[in-house]
1. Are any residues in segment 163-180 surrounded by 19 or more Cβ atoms within 10 Å (Cβ to Cβ) and either among the hydroxyl-bearing types (Ser, Thr, Tyr) or modelled with pLDDT of 95 or more (or both), and if so, which ones?
2. Among the listed residues 132, 146, which satisfies the condition of being touching a residue at least 24 places away in the same chain (Cβ under 8 Å) and in contact with a helix residue (DSSP H, G or I) (Cβ under 9 Å, 6 or more places away or on another chain)?
3. Could you pull out the residue among 262, 280, 273 that is of a type outside the set (S, T, N, Q) and under 19 Å from residue 319 (Cβ atoms)?
4. Across segment 61-85, which residue is nearest to residue 18 (Cα to Cα) among those that are in contact with a strand residue (DSSP E or B) (Cβ under 7 Å, 6 or more places away or on another chain) and crowded, with 23+ Cβ neighbours inside 10 Å?
5. Out of the residues in segment 200-243 that are acidic (Asp, Glu) and within 15 Å of the chain's Cα centre (by Cα), which is nearest to residue 81 (Cα to Cα)?
6. Would you point out which residue out of 86, 112, 63 is part of a loop (DSSP other than H, G, I, E, B), at pLDDT below 95 and either closer than 20 Å to residue 203 by Cα or touching a Leu at 6+ places or on another chain (Cβ under 7 Å) (or both)?
7. What number of residues within segment 66-83 satisfy the criterion of being assigned to a loop (DSSP other than H, G, I, E, B) and within 11 Å of the chain's Cα centre (by Cα)?
8. Please go through segment 184-219 and pick out each residue that is part of a strand (DSSP E or B) and either free of Cβ contacts under 8 Å to residues at least 24 places away in the same chain or among the charged types (D, E, K, R) (or both).
Amino acid sequence: MNISKILYKLSNNLNLTSNEAKFVFTQIISGKLSEIQTSGLLMALATKGETVQEIIEASMVLKKKSKKLKAGKNILDTCGTGGDGKETLNVSTATAILTSACGIKVAKHGNKAVSSKSGSSDVLQELGVNINADLKKVKKCLDKINICFLMAPLYHSAMKNVANVRSILKVKTIFNLLGPLINPANADMQLIGVYDKKLLLPIAESLKKLGLKKAWVVCGENGVDEITLSGKTFVIELKNNKLRKFVIDPKKVGLKKSSLNKIKGKNPKFNAKEILNLFKNKNTNLFFKDIVLLNTSACLVIANKAKNLKEGLILANKNLNNGNALDKLNKLIKISNE
């Protein structure tokens, strides 16, 4: 196959076949392409819009070359696509910790910020978590305290061949979509936030083909990659190998609607302080508290720990107020640094 011909095909808004997609991403990940070729392919794919077939083939190439963490079943991840450009506080990271505090095994997959000011690893590192812990230590975290952090570059070393291009481009590419699909612990339950409503179905269909047990793919109004308080959130649920669409209205679960400006993040230091304040029940930002509770509630429903969001909110709030979330964070810091 010829990269120039494939690039020409993409630039004419034509989708790749399975073999073409597999070839392209094998070439990219193997470092056989120049950065100009790689950036051209990524931007052409993004402009055209990635198909389920292209996403699946790319994720399979990455999975094949990745380092694995044997973690068993009933593992949940809150890794989203990022790239929504809203620069909010680290909702999915705080949600992962609180979810674990509610009794669910969580393997949080994440990375440093690409298009935002603070990625999950940036804020966790600021909190004191050893984001570069080796596989043995990470496994110990998951086994002993039911939570671990999986620093993407440590498990997907082949990604180094695209890291510089992504850093320079600073725009959303297919690699934003792939992050949630290539969890090294093979999480079989997920809450995935996407930055565009158009991505809900392709990501949900990809999860279905990848054999996930249960997941919610969510997108808030105005392209928020979380379950939001700023408006309605559109959801596609994967359950029993079937897809179902529904909408979450925060007012209908008893939460106040609020502007995204209320949870605006800054740098990792600022975002880490907000998470600590939340877990210490200082409640300096009630809107951040509510959005973390709402996203945690969704995780509880996904993991069958709660029948619905209202029930989930009660359980999540209990484990926040009683200090379990703070205790979980402190244990993660301690064990990851041993």
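The values are calculated or read from the model by the stated rules, or taken from the named source; none is laboratory data. If you're wondering where the values come from, they're calculated on a predicted model, not measured in any experiment. Virtual Cβ from ideal backbone geometry, glycine too; neighbours counted across all protein chains shown.
1. Of everything in segment 163-180, just one residue is surrounded by 19 or more Cβ atoms within 10 Å (Cβ to Cβ) and either among the hydroxyl-bearing types (Ser, Thr, Tyr) or modelled with pLDDT of 95 or more (or both), namely 173.
2. Working: 132 fails: touching a residue at least 24 places away in the same chain (Cβ under 8 Å).
Step by step, each of 132, 146 is checked, and only 146 is touching a residue at least 24 places away in the same chain (Cβ under 8 Å) and in contact with a helix residue (DSSP H, G or I) (Cβ under 9 Å, 6 or more places away or on another chain).
3. Working: 262 fails: under 19 Å from residue 319 (Cβ atoms); 273 fails: under 19 Å from residue 319 (Cβ atoms).
Testing whether each residue is of a type outside the set (S, T, N, Q) and under 19 Å from residue 319 (Cβ atoms) leaves just 280.
4. 81
5. Taking segment 200-243 and keeping what is acidic (Asp, Glu), we get 205, 221, 225-226, 237.
Keeping just the survivors that are within 15 Å of the chain's Cα centre (by Cα) gives 225-226.
On the way: 225: 7, 226: 10 Å.
Ranking the qualifying residues of segment 200-243, first place goes to 225.
6. Numbers: 112 fails: either closer than 20 Å to residue 203 by Cα or touching a Leu at 6+ places or on another chain (Cβ under 7 Å) (or both); 63 fails: part of a loop (DSSP other than H, G, I, E, B).
Unique residue meeting the criteria: 86.
7. If we filter segment 66-83 for residues that are assigned to a loop (DSSP other than H, G, I, E, B), which is where we start, we get 66-74, 78-83.
Among the residues that remain, those that are also within 11 Å of the chain's Cα centre (by Cα) are: 78-83.
The total comes to 6.
8. Within segment 184-219, the subset part of a strand (DSSP E or B) is 189-193, 214-219.
Within segment 184-219, 214 is the sole residue that qualifies.
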